[in-house]
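This report refers to the structure that appears directly beneath it.
The values are calculated or read from the model by the stated rules, or taken from the named source; none is laboratory data. All values derive from a computational prediction rather than experimental measurement. Cβ placement follows ideal geometry from the backbone for every residue including glycine, while neighbour counts extend to all protein chains displayed.
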Amino acid sequence: MRLRIASLAALAAALLAACTGAPVVAPVDSDAREARAAEALRLGDAAAARDLYAGLVARSQGMERDRFRLGLARAEVELGNAELALAELDAIAGPSTTSLESERSLVRALALFRLGRTVEAVTLLVEREIWLESPAELRENHATIWDGLSLPASASAARLRTGDSMIDGWLALTPLTGLTEDSGELLEALVAWREEFPNHPAAGSVLAESLAARRGETLRADRVALLLPLGSIERRGQARAVLEGFFAHHFDSGMAEQRTVQVYDTAQRGGVESFLTAQLEGADFVVGPLLPEEVVQVQRQAGFVPTLALNLGTSELTAAPNFYQFALSSDDEVEAIAARAIANGHETAVVLISSTERGYRLGSAFRDAFEARGGRVISQSAYVSDQDRQTFQTPIEQLLNITTSEGRRNRLQSDLGRAVEFEPRRRADIDMIFLQAEPAVGRLLVPLLRDNGAGDIPTYALSEVFDPTRTGADADLNGLIFPELPLLIDPAGSGRAAAARLGEFTPVNAEQWKRLFAFGYDAYGLVGALASAGNARWPMSGATGDLYLGDNGRIRRDLPFAEFRDGRPEPLTATLGFFSSR
């Protein structure tokens, strides 16, 4: 059909020319010619692209001509004709689109770099970011700046300053573009640059990617820095437990002679300063920091040295290459519970959580995980944690729909005018209960669930319901199912090595913070696995679960389950391996 229309158009043009005496001009397929020009540019044939775009400019008008002028300007830049490129860009009159303006800024900046007008080029590309939306587009823009700074014409820009920290940070990188990692100067220069420009986006994009590419698949982990808040009054015990687990595995690994571990106290100098100091003092792998607010700060500085943060940073930032995050996160437990519940045939669930920000977040996370697997959450209630048994009765009745049942009884009594024998009953369509509670609250909630007719419903809780330091039995928790660290429920299995070392260093810390001891033990094991990322075999069977390297550098955990029987947690069947299939 298009061919026929084109033929008719040609015939009409010929007839019109015959009537007027004008020469016949064959119609041009602009789309096809533009595609050929773009392909020529992509293949490096800028001369052919220039000729094609020049012909298109001559035969078009309006916004279409502006688009073709932009292509012509790009071809002139590639041919080294920066002045001609700027002239073509200046001829673009508009009105314009966001896409066209973004591309025009890019091409103009490329021409300015060629002419040695580096400050103008960098300024233009920094301003261009208002039109860029995706992280990939931002990284590409950063790469363009980096490439422009590496041109000989930009050599003098290192000494220039504008007063704008974003632009000046880029200009200060100019002398670093010529350094190589083997020169021994690059890392020191990068750290010094980052101290002057601590929040500059180049650190987590082009610089991190450049260093990662130079390292290849094998990282070094001969000098490890461990960042912990050992001097913190509030966090000292937890930090010591992580430290003890880390060194326990260090001595078990057989690497104590080849690998050194230097400890930095973040309570004294802060997370970021400890992080930077460790790099300046020669660390080639950093583990830590531990506190979440410090991880967020370090995440913004990461990328130069491989780093395993011991908590989670912000998900709003794309992790720099070789930046990893490991945490004893409840999110992994939520995923494990949802996967196990579905595997056990549970299709409907109710959720009982604390009336806190954390409780609502975990309730929402379970709903998402459960419903993503085909389940359905049909009710949710929140309790106030004042450890008053009567306070918990109302949210449990609401959760199980008992209050509605009692309401029907009251209406019936009113209608009949006499008392009616009645036994409250819960709703019958509940397959499972998801519970979020600390040990003391759990000891009140679980018996109340039984008293309200829910004793036959499988109830799954997060591991926080179990206190491993408690010496007596927890008979009130009988029947409760929860995911837990192998170290605590299967010390003869994958947690065997850590269990053998537990308590050897400072027994009080290790015994009080068993989960964190296991966490430190596995953190050391991850250093070796991540340092040989190309050859690592996942999962890594650890004291905190089966460990997998997931998206955005996140270490995920598959966990075994236990059930309270006779007041003690008894291990159930093995993990399901749901992270391994992702």
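Per-structure values
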{"quantity": "Any hit, the range 371-391, residues being in a helix (DSSP H, G or I), of a type in the set (A, V, I, L, M) and at pLDDT 90 or above", "calculated": "yes"}
{"quantity": "Residue count for the range 197-230, restricted to those that are out of contact with any Ser or Thr (no Cβ under 9 Å at 6 or more places or on another chain), at pLDDT 80 or above and not hydrophobic (A, V, I, L, M, F, W, C)", "calculated": "1"}
{"quantity": "Selection count, the range 345-374, where residues are without any contact (Cβ under 8 Å) to a residue 40 or more places away in the chain and buried (at least 20 other Cβ atoms within 10 Å of the Cβ)", "calculated": "1"}
{"quantity": "Pairs with Cβ under 6 Å, 6+ apart, first in the range 476-495 and buried (at least 24 other Cβ atoms within 10 Å of the Cβ), second of a type in the set (Lys, Arg)", "calculated": "Leu485/Arg515"}
{"quantity": "Matching residues in the range 310-338 - criterion: being in contact with a Ser or Thr (Cβ under 9 Å, 6 or more places away or on another chain) and assigned to a helix (DSSP H, G or I)", "calculated": "Ser330, Glu333, Ala336"}
{"quantity": "Output for the range 436-463, where each listed residue is of a type in the set (A, V, I, L, M) and within 17 Å of Asn344 (Cα to Cα)", "calculated": "Ile457, Ala461"}
{"quantity": "Selection within the range 522-579 - farther than 26 Å from Arg470 by Cβ, at pLDDT below 90 and of a type in the set (S, T, N, Q)", "calculated": "Ser532, Asn535, Asn552"}
{"quantity": "Those residues of the range 87-119 which are in a loop (DSSP other than H, G, I, E, B) and of a type in the set (Gly, Ala, Ser), in sequence order", "calculated": "Ala91, Ala93, Gly94, Ser96, Gly116"}
